[in-house]
Every structure is written in C-alpha cells, then in structure tokens.
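Below: one structure, written as structure tokens.
The values are calculated or read from the model by the stated rules, or taken from the named source; none is laboratory data. A quick note: this is a predicted structure, and the numbers were derived from the prediction, not measured. Positions of Cβ are backbone-derived with ideal geometry, glycine not excepted, and every protein chain shown enters the neighbour counts.
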Amino acid sequence: MPKGQCVVKQSSTTIFEEQAEVLAHVTHPGEQFVMRLHAPKTAATAKPGQFVHLRVSAERPLRRPISIMLTDPDRGTVDLLYKAIGDGTRLLSQRKAGDVIPMLGPIGQPFDLSDTAKRYVLIGGGVGIPPMVFAADALQGEADCVLFAGSEIAFPFALKPSTMLLPGVNGNAILSIASLEERGIPCRLASSAGLYGCYAGHVPNLARDYLAALSEPERVRCVLLSCGPHPMLHAVAKLGREFELPTFLSLEEHMACAVGGCAGCVVKTIEHGEEKYRRVCVDGPVFPAELLPEFA
C-alpha cells in the first residue's frame, strides 16, 4: 500500500470467554512470570499481536491485558509472559497450577504476516518481547524473519550461543533464545545493563546495525514489527523512516473493558489527512507507525 494510504482495519475478531485453567506458572528474576493456561478456543484462533484479558482475582473485577507469547492449538494451551508491576499483576502472580482464571480472548488486530516475500525484522523490549516470539513462531517455514530482543533485567528464557551469523552483528552479541535457535530462527539480544552475551546498548541500535549491513536488495525486503515501551517504539519508528521501511507498532495502553465499549484506550491517528481516534484494544493494538503522530 502506498505511503500515506494506510487505514486502520475495524475489528472482526471473535472474542471468547473461557474459564482458563492454570497449567504451569514459573517465576523468573525481576518479578517476571510465565503462565501456561488451558484455553482451547483462544489457542485455536489467536494470532501474533493479539492479547487476552484476565480477571486476576475475585476481588478485582477489572481485568488485566496480557500479550500472548505462544499457543499450541493441538494441546489447547496459551503461554503468557508478564511482569508484576502493580497490584493487579501481583495478584495474578499468586495464582497456582489448578486455579481457574476468567479470560477473554483473543482480542485485537494482529500483525499482518501474509507477505511471504518479505523479511520480518522483529524488535521487542521487555514485556513487548512475547508478541515477537509469537510472530517468529508463526513465520517459521513461511517467511524470513530475525528477532532482536532487549531487556535491562535477566531474560526470562533459556539462552544459548548462536551458530547463525547475522550481518552487522558481532562482538559480544552471541546469545540467542534457545527455543528459537533450536528451530533455526535467528535471534540476538541487547541490554544496557551489561548482561553477558548481549549487545551493549538499546535493541533498536542493534537492529539498525543489522539493517545497515544488508545489501540494498535485501534491505528493501524488510518490514519492521515492534512491541515494547514507548521510548523504544519511538526509536523503531525513527529507524523505519531512516531506511524507508514499512513499520508496524503494537501499543501498550491501560484498558478497562478491552472490547471496544468504553473507549478508554483511544490513540490519535492521522488517516488520509484527517484526525481520528482509534481504540487500542480492538482497532489495534497493532498500527502502522506512519498513522501515529505521537511517533512521527
């Protein structure tokens, strides 16, 4: 689609209400948690970029949105990675295997991964890493992709040295997420906290080194997909403008209903020169960067 002609798709996703059983709940350093839920309807239909809305406890009627990291439709499971940063997610962190959590999902517009001639450059930061892992999993065997992940605390994954060389990536950036490495998906990690085996700096700079080292024919095939904190998304949007690449951002916003009814999570867009307000929950969370004046 020509630059400046993007529009936001209206939501047509079926949202299920499920009583999701906690199958496993693993604690990682830095108050990070990986939860596996049995939620077969969501597992069968979820796509990368979508999220679920969880009721964290009976005492907290307002749910919490959590990005989907992986699904297994055959087993009916959904994996979530989140960080306990407030009262709601701290209550969620106390749930144990066998507990049942009321859940809505999958919610939102996913990333468009349909163009198999493209190379998808996935850039995730912190709790924005899960949608990138989900996208990499979906793209395996379908299209080229590479994943760059950044964190200032220990990564909540098994890591291993990569045997796959990447243009522009050298020096101390040797570690990859083990599950991706074992499936042949290129990945490198970045951190400004001096974590061993990581690029020393912010993850958009690592992605920039990679893009700058590509040949022109290889670079023009690239599409940038990103999720993470707003400063990181600003840097990724700038990267897309620098190399004139399509860039899609998954936004993180506070949500109340998460199904489009309350309009409490709106973001301003510019579409065909007109100012509009879109709901992050169902019109997003994925938007073309060029439509978001906040990231211009």
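Just a few scattered comments:
- Looking across 81, 113, one residue alone is under 19 Å from the mean Cα position of the chain (by Cα) and assigned to a strand (DSSP E or B). It is 81.
- Among the criteria (1) buried (at least 19 other Cβ atoms within 10 Å of the Cβ); (2) outside any loop (DSSP other than H, G, I, E, B); (3) free of Cβ contacts under 8 Å to residues at least 60 places away in the same chain, the one residue 160 does not fulfil is (1).
- Single residue of the stretch 170-200 satisfying the filter (among the hydrophobic types (A, V, I, L, M, F, W, C) and closer than 15 Å to residue 122 by Cα) that is surrounded by the fewest Cβ atoms within 10 Å (Cβ to Cβ): 185
- Scan of the stretch 143-157 for residues that are closer than 24 Å to residue 229 by Cβ and either in a loop (DSSP other than H, G, I, E, B) or out of contact with any strand residue (DSSP E or B) (no Cβ under 8 Å at 6 or more places or on another chain) (or both), ordered by number: 151, 152, 153, 154, 155, 156, 157
- Single residue of 48, 106, 73, 40 found to be touching a helix residue (DSSP H, G or I) at 6+ places or on another chain (Cβ under 7 Å), at pLDDT 95 or above and surrounded by fewer than 23 Cβ atoms within 10 Å (Cβ to Cβ): 73
- Considering the stretch 109-122, the residues that are of a type in the set (A, V, I, L, M) and surrounded by 18 or more Cβ atoms within 10 Å (Cβ to Cβ) include one that is farthest from residue 23 (Cα to Cα), namely 121.
- Hits in the stretch 163-189 - residues which are touching a Ser or Thr at 6+ places or on another chain (Cβ under 8 Å), within 21 Å of residue 222 (Cα to Cα) and either touching a residue at least 40 places away in the same chain (Cβ under 8 Å) or not small (Gly, Ala, Ser) (or both): 164, 181, 186, 187, 188, 189
- Among residues of the stretch 51-67 being touching a helix residue (DSSP H, G or I) at 6+ places or on another chain (Cβ under 9 Å) and modelled with pLDDT of 95 or more, the one that is surrounded by the most Cβ atoms within 10 Å (Cβ to Cβ) is 52.
- Selection of first residues in the stretch 198-226 that are within 15 Å of residue 245 (Cα to Cα) and of second residues that are of a type in the set (Asp, Glu), restricted to Cβ pairs under 8 Å at least 6 apart or on distinct chains, gives the following pairs, ordered by first then second residue: 208/242; 221/144; 223/115.
- Meeting the requirement of 3 or more residues that are of a type outside the set (Val, Ile, Thr) and more than 15 Å from residue 120 (Cα to Cα), the strands (runs of 3 or more DSSP E) wholly within the stretch 201-283 are 274-279.
- If you go through the stretch 211-242 and keep only what is of a type outside the set (A, V, I, L, M) and crowded, with 21+ Cβ neighbours inside 10 Å, you end up with 222, 226, 227, 228, 240.
- When residue 257 is tested against (1) out of contact with any Lys or Arg (no Cβ under 8 Å at 6 or more places or on another chain); (2) within 21 Å of residue 132 (Cβ to Cβ); (3) surrounded by fewer than 20 Cβ atoms within 10 Å (Cβ to Cβ), only condition (2) is not met.
- The number of residues in the stretch 260-276 being surrounded by 14 or more Cβ atoms within 10 Å (Cβ to Cβ) and over 15 Å from residue 296 (Cα atoms) comes to 5.
- Index of the failed condition, residue 91 passing every other in (1) assigned to a strand (DSSP E or B); (2) touching a Ser or Thr at 6+ places or on another chain (Cβ under 6 Å): (1)
- Hey, residue 190 on the phi < 0 side of the Ramachandran plot and assigned to a strand (DSSP E or B) or not: yes
- Residue 126 satisfies every condition listed in (1) buried (at least 21 other Cβ atoms within 10 Å of the Cβ); (2) without any contact (Cβ under 8 Å) to a residue 60 or more places away in the chain; (3) not aliphatic (A, V, I, L, M) except (2).
- Residues of the stretch 167-192 that turn out to be modelled with pLDDT of 95 or more and within 19 Å of residue 209 (Cα to Cα), as a count: 15
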